[in-house]
Amino acid sequence: MIDRFVVARNPDPDSTLPYLLRLPLGDGIVLRARQPWPRTAKVYCHRADDDWPVEPDIVDDAGVLLCERHGVAVELVLDRGRENRSQFVFTRLANGREAIFWQTAKTNQASRPGVRVPGRRASSLTDFEICVDTRERYGFTFKNKPVTITKRALPVGDYGVFWHGALVATVERKSLADLTHGVSDGSFPFQLAALSSMPLAAVVLDARWSAVMKLEAGRGGWLAEQLARLQVRHPNVSFAWCDTRALAEDWTFRFLGAALAQRLDQPDDPTAPRPDRDQGTL
């Protein structure tokens, strides 16, 4: 495992990408790049045809604190005070060719001046399908949201999205009373175990965390302790404490939209039908 991020000059004098990057992912990925760091704009990269040079002309060398892939993005954190956080986004152009963009939070913001996040869309999807479990009573209606609602029996959770026929993300809805009862009778830990088997899962609550502390004497502290233990036991299940039912519904809509958008960006099957996306808001 390579544990250093290295930038060197490209030995090919005819290349329009004058730098080589050795991205510390797995055994190392060598990229050609237009710049040695994305200081003023996103930097275009593509995979190098050749291996890392035997005697590279190094212009930057830093230790790595984090290098992990999350969907189409690789997050890189370097062990230094400045120019230490960046992201590589792997995507595909309309012609099917791979394109890699190296960016920082600053350059990403600068490339979208004045852009506002759409108020009614989730991850730029103009329409997608949310499946509601047939056992869900008085569930979210997602009124005025650009989604299609279908009812079907879900193996876990109350709301979900499917990709290639598989449930890829699900949300379990709970009121504070339901949560308290489930923790007390022991049913909620089993629900969490089932949720943790999913690629992406969350529990959404239409209450504030402070409401737990307002439960009858001694009950709030006990519930808080149990929830802390359960979340440590199942770290891949998110908990979203929303003030109201309306906010819980909106959070569910955006979580499922983001989960589906991540699947759409993964080039596992480019021929599969895909929901429409507003390309101008990416």
For the subset of the stretch 162-194 comprising residues that are hydroxyl-bearing (Ser, Thr, Tyr) and surrounded by 19 or more Cβ atoms within 10 Å (Cβ to Cβ), which member is nearest to Gln231 (Cα to Cα)? Thr180
Considering (1) at pLDDT 90 or above; (2) out of contact with any strand residue (DSSP E or B) (no Cβ under 6 Å at 6 or more places or on another chain); (3) not charged (D, E, K, R), say which one Gly26 fails and leave the rest. (1)
Could you give every pair whose Cβ atoms fall below 6 Å, whose first residue belongs to the stretch 199-228 and is farther than 25 Å from Phe253 by Cα, and whose second residue is open to solvent by 60 Å² or more (accessible area, probe 1.4 Å), counting only separations of at least 6 or pairs across chains? Gly220/Met213
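Applying the selection to the stretch 146-161, what residues are without any contact (Cβ under 8 Å) to a residue 60 or more places away in the chain and either β-branched (Val, Ile, Thr) or open to solvent by 50 Å² or more (accessible area, probe 1.4 Å) (or both)?
Thr148, Ile149, Thr150, Lys151, Arg152, Ala153, Pro155, Val156
Table: residues versus (1) assigned to a helix (DSSP H, G or I); (2) within 28 Å of the chain's Cα centre (by Cα); (3) modelled with pLDDT under 90.
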site	(1), (2), (3)
Thr180	yes, no, no
Val183	yes, no, no
Met198	no, yes, no
Gln226	yes, yes, no
Val232	yes, yes, no
Pro235	no, yes, no
Asp243	no, yes, yes
Leu247	yes, yes, no
Asp250	yes, yes, no
Only one of Asp60, Asp79 is in contact with a Gly (Cβ under 6 Å, 6 or more places away or on another chain), of a type in the set (Asp, Glu) and at pLDDT 85 or above, namely Asp79
When the residues of the stretch 1-22 are filtered to those that are in a loop (DSSP other than H, G, I, E, B) and hydrophobic (A, V, I, L, M, F, W, C), which remaining residue is farthest from the chain's Cα centre (by Cα)? Leu17
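Table: residues versus (1) in contact with a helix residue (DSSP H, G or I) (Cβ under 8 Å, 6 or more places away or on another chain); (2) under 30 Å from Ala261 (Cα atoms); (3) at pLDDT below 90; (4) open to solvent by 80 Å² or more (accessible area, probe 1.4 Å).
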{"site": "Asn10", "(1), (2), (3), (4)": "no, no, no, no"}
{"site": "Ser15", "(1), (2), (3), (4)": "no, no, yes, no"}
{"site": "Pro18", "(1), (2), (3), (4)": "no, no, no, no"}
{"site": "Trp37", "(1), (2), (3), (4)": "no, yes, no, no"}
{"site": "Thr40", "(1), (2), (3), (4)": "yes, yes, yes, yes"}
{"site": "Arg47", "(1), (2), (3), (4)": "no, yes, no, yes"}
{"site": "Leu66", "(1), (2), (3), (4)": "no, yes, yes, no"}
{"site": "Asn84", "(1), (2), (3), (4)": "no, yes, no, no"}
{"site": "Phe90", "(1), (2), (3), (4)": "no, yes, yes, no"}
Condition (residue is over 25 Å from Tyr138 (Cα atoms), touching a helix residue (DSSP H, G or I) at 6+ places or on another chain (Cβ under 9 Å) and open to solvent by less than 40 Å² (accessible area, probe 1.4 Å)) applied to the stretch 204-223: is it met by at least one residue? yes
In the stretch 200-223, how many residues are touching a Cys at 6+ places or on another chain (Cβ under 9 Å), part of a loop (DSSP other than H, G, I, E, B) and of a type outside the set (D, E, K, R)? 1
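The values are calculated or read from the model by the stated rules, or taken from the named source; none is laboratory data. Keep in mind the model is a prediction, meaning the values are calculated, not measured. Note that we place each Cβ from the backbone using ideal geometry, even for glycine, and neighbour counts take in every protein chain shown. The accessibility values were calculated without ligands, DNA or RNA, using every heavy atom of the protein model including side chains. Shrake-Rupley method; radii C 1.70, N 1.55, O 1.52, S 1.80 Å.
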